[in-house]
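The values are calculated or read from the model by the stated rules, or taken from the named source; none is laboratory data. Predicted model only: the values in this text are computed from it and were never measured. FYI the Cβ positions are ideal-geometry reconstructions off the backbone, even for glycines, and counts take in every protein chain you see.
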Amino acid sequence: MKKPIPPKEWLGSDKDKSDWARHYLRNNPPSALSVKAPHEENEPTLMTLERIWNNGLGADAFARIKRAWNAYSYRKNKNKRTFSFVLPVEEALFLKRTSKYLKVSQSAHLTALICQDRTHIEKLRNEHQQRLEGARKTRNSLVEDRKTKELGRLRKENTRHAGILKQYEELIRKLVEKDLVRQELERQGLQDPIQLDANKRDDLDSQAKKLAARHLEDARIDASRTSNYSAP
């Protein structure tokens, strides 16, 4: 069976409770007990409660006073609830001693500790969120760096391919031009390309460029057809 809480422990240093108890005893004196209502503040109120407690029928009367206080507290603070829970003896004594030292009720001190812990937890949660955000930014930065490097590599590769293609086109043009010059030399019965006049050489160069471009275009068309045939 739970041990009843004596008046001194119940009243503590809670001024609101003491004021309420004084007014309550004035308006609701224990009729069965020869106890005078208190007229001063804390200490006389405690003395009156002690006399009620020590009276033969005082335990029941004091229990009614505590129930009345609980009902009053509930009506006054509708955002609060009464809880009953078990604490380890060492922690319960620590709460009692600390509350007494700070001159606050155990309920008020426990509430302050919970709020402090909730603030601490919220701080930890915010710090964790900041770390996650930092990690996300770092990860995105690394991804962007990889994308930039890959894009640079592709640009270099395209430049290299473009250079190779240009060399290939120039080689095709020279081969076509050489064949045209050979045919022209045979047609005119000449031995050296230098024997051709400048206009003819320019004309052959122009023809060589056109034929080379046509050969390259045909090669692209053939490559495209081959790619389409090999596709699944």
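Matching residues to (1) in contact with a Cys (Cβ under 9 Å, 6 or more places away or on another chain); (2) surrounded by 10 or more Cβ atoms within 10 Å (Cβ to Cβ); (3) free of Cβ contacts under 8 Å to residues at least 60 places away in the same chain; (4) not small (Gly, Ala, Ser):
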site	(1), (2), (3), (4)
GLU91	no, no, yes, yes
LEU95	no, yes, yes, yes
LYS100	no, yes, no, yes
GLN129	no, yes, yes, yes
THR138	no, yes, yes, yes
LYS156	no, yes, yes, yes
VAL176	no, yes, yes, yes
VAL181	no, yes, yes, yes
GLY189	no, no, yes, no
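Residues in region 116-123: is at least one of a type in the set (Val, Ile, Thr), over 22 Å from ASP16 (Cα atoms) and either surrounded by 15 or more Cβ atoms within 10 Å (Cβ to Cβ) or modelled with pLDDT under 80 (or both)? Break it down stepwise before answering.
Step one: of region 116-123, the residues of a type in the set (Val, Ile, Thr) are 119, 121.
Next, only the ones that are over 22 Å from ASP16 (Cα atoms) stay: 119, 121.
Subsequent filtering for residues that are either surrounded by 15 or more Cβ atoms within 10 Å (Cβ to Cβ) or modelled with pLDDT under 80 (or both) retains 119, 121.
Yes, some residue in region 116-123 is of a type in the set (Val, Ile, Thr), over 22 Å from ASP16 (Cα atoms) and either surrounded by 15 or more Cβ atoms within 10 Å (Cβ to Cβ) or modelled with pLDDT under 80 (or both).
Checking ARG67 against (1) outside any helix (DSSP H, G or I); (2) at pLDDT 80 or above; (3) basic (Lys, Arg): exactly one of these is not met. Which one?
With (1) outside any helix (DSSP H, G or I); (2) at pLDDT 80 or above; (3) basic (Lys, Arg) applied to ARG67, the lone miss is (1).
LEU216: surrounded by 10 or more Cβ atoms within 10 Å (Cβ to Cβ), part of a helix (DSSP H, G or I), among the hydrophobic types (A, V, I, L, M, F, W, C) and modelled with pLDDT of 80 or more, yes or no?
Values: surrounded by 10 or more Cβ atoms within 10 Å (Cβ to Cβ): yes; part of a helix (DSSP H, G or I): yes; among the hydrophobic types (A, V, I, L, M, F, W, C): yes; modelled with pLDDT of 80 or more: no.
In short, no.
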